[in-house]
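The values are calculated or read from the model by the stated rules, or taken from the named source; none is laboratory data. These figures come from a predicted structure and were not determined experimentally. Neighbour counts run over all protein chains shown; Cβ positions are idealised from the backbone, glycine included.
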């Protein structure tokens, strides 16, 4: 297990963490463990950030992350506190890991058995079974070196990458070129290329703009496996919240921060007064009494020594800080490449959906047009690639008896126009596409449905351009090219979460909490 840096200097410090996503929850745990007095302020009515949970009519949906990947990162996180994930939730390995429907009528399952996957690859292309082994060996090496010497290390300056030790470790890593170029070196068949690249959706990129280094995701996929935490990702949130409580973290919900003033040792963090008449924010817990009840944090002012923001980085700088205290101006944020937003439809369905797996991907045989509609010429895609999640395949507590719980997620461009009329048209297109390409006709079986899209991401999470994930992992937005953990303009203000390093995804946000806490513990 990696030995974190000393953080004893944080003992007795009064810290406010803004935002209860995985980055904020992780940071709060590390700070409290170091002896800080930690209060976490969350804008919405529940903790988890984008990992919100929607419960209604007997259905329970993970609204955001739904894949449990990189179990080693969770083990390392809990292990730091002498705990294990199993102290808080249980895991089931999925079989198949996921199913793919190609829109030419082909269907394939990726399973825990590597020999079976190797045979599947060989069936598409002579020699692809051996190439599969070679690709995974490269992926595993990239993962092992990348995680130990880059992801878990605080390297947010270009000078860090000319250190002799860093150069030695990076020798042979896939540091240049795109994922498309890298995958083409191993596989000719376009379907095999897609299978090796679908994980890019977790990084918010496309095969053409994501660095080849991220082939490490195939090691995550095939070697480390795909799991489901009983109760969904919401159960993982609950486990980390429980851990934080044991460490002394105080959580305050319904407390949107409106301003950060002052500096180290003399901060002033202001929250908005709650309006019970407005009820819950966004699509969660419609008008529930608990969700609409103001908490002690609403309308309060806090005076911490240090502040950590897990709120959207651009929102923190552009809305919560005075102009002279911002590291980046509006033009900077406008010029960034953002990970996709999403059109999401949460559905409660009468009966079973036998043809679908827990995780199902529906892919055009050529998905370049969809990626172009996200990154090049933003538009609602005409022939979308999308993801279906059916947790009721694994967990019978997420839907009433005799019903299925599923949602569809279509990646779309951040900042795209989002109107009720466009949503209505797209809903019909997506439901028709599901019926045509999976054989599952949901149109007359829906007993519950709820949409979530660009404007909801912007409203509920203050997400820049309504991105579902944040800054994409392009070459110019990876490692030291992402915004830093420590403000260069406000002494004592720090950042955590997906916009900073190591980046997008639940495991990366857990690690960002460690990196932020370590930076905070360094001598100022």
Count - residues of the stretch 251-274 that are more than 19 Å from residue 494 (Cα to Cα) and surrounded by fewer than 22 Cβ atoms within 10 Å (Cβ to Cβ): 4
State the number of residues belonging to the stretch 383-409 that are over 19 Å from residue 54 (Cβ atoms), surrounded by fewer than 18 Cβ atoms within 10 Å (Cβ to Cβ) and touching a residue at least 24 places away in the same chain (Cβ under 8 Å). 2
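Let's see how each residue does on (1) modelled with pLDDT under 95; (2) more than 19 Å from residue 428 (Cβ to Cβ); (3) assigned to a loop (DSSP other than H, G, I, E, B); (4) over 23 Å from the mean Cα position of the chain (by Cα):
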position: 343; (1), (2), (3), (4): no, no, no, no
position: 348; (1), (2), (3), (4): no, no, no, yes
position: 360; (1), (2), (3), (4): no, yes, no, no
position: 365; (1), (2), (3), (4): yes, yes, yes, yes
position: 369; (1), (2), (3), (4): yes, yes, no, yes
position: 374; (1), (2), (3), (4): yes, yes, no, no
Of all strands (runs of 3 or more DSSP E) fully inside the stretch 216-311, the set with 2 or more residues that are at pLDDT 90 or above and touching a helix residue (DSSP H, G or I) at 6+ places or on another chain (Cβ under 7 Å) is 227-229, 257-261, 306-309
Residue list for the stretch 484-503, restricted to those being crowded, with 22+ Cβ neighbours inside 10 Å and either touching a helix residue (DSSP H, G or I) at 6+ places or on another chain (Cβ under 7 Å) or over 14 Å from residue 317 (Cβ atoms) (or both): 485, 490, 494, 495, 496, 497, 498, 499, 500, 501, 502, 503
Hey, any hits in the stretch 307-320 for a residue that's touching a strand residue (DSSP E or B) at 6+ places or on another chain (Cβ under 9 Å), surrounded by 19 or more Cβ atoms within 10 Å (Cβ to Cβ) and over 23 Å from residue 27 (Cα atoms)? no
Selection within the stretch 185-198 - in contact (Cβ under 8 Å) with a residue 24 or more places away in the chain and out of contact with any strand residue (DSSP E or B) (no Cβ under 9 Å at 6 or more places or on another chain): 186, 187, 188, 189, 190, 192, 196
Subset of the stretch 494-524 that is more than 28 Å from residue 376 (Cα to Cα) and part of a loop (DSSP other than H, G, I, E, B) - its residue that is modelled with the highest pLDDT: 496
Which residue, of 165, 115, 57, is more than 27 Å from the chain's Cα centre (by Cα) and modelled with pLDDT of 95 or more? 115
For the stretch 192-215: of the residues being within 27 Å of residue 405 (Cβ to Cβ) and not in a helix (DSSP H, G or I), which is modelled with the lowest pLDDT? 203
How about the stretch 199-234: which of its residues are touching a strand residue (DSSP E or B) at 6+ places or on another chain (Cβ under 9 Å) and surrounded by fewer than 20 Cβ atoms within 10 Å (Cβ to Cβ)? 208, 225, 227, 230
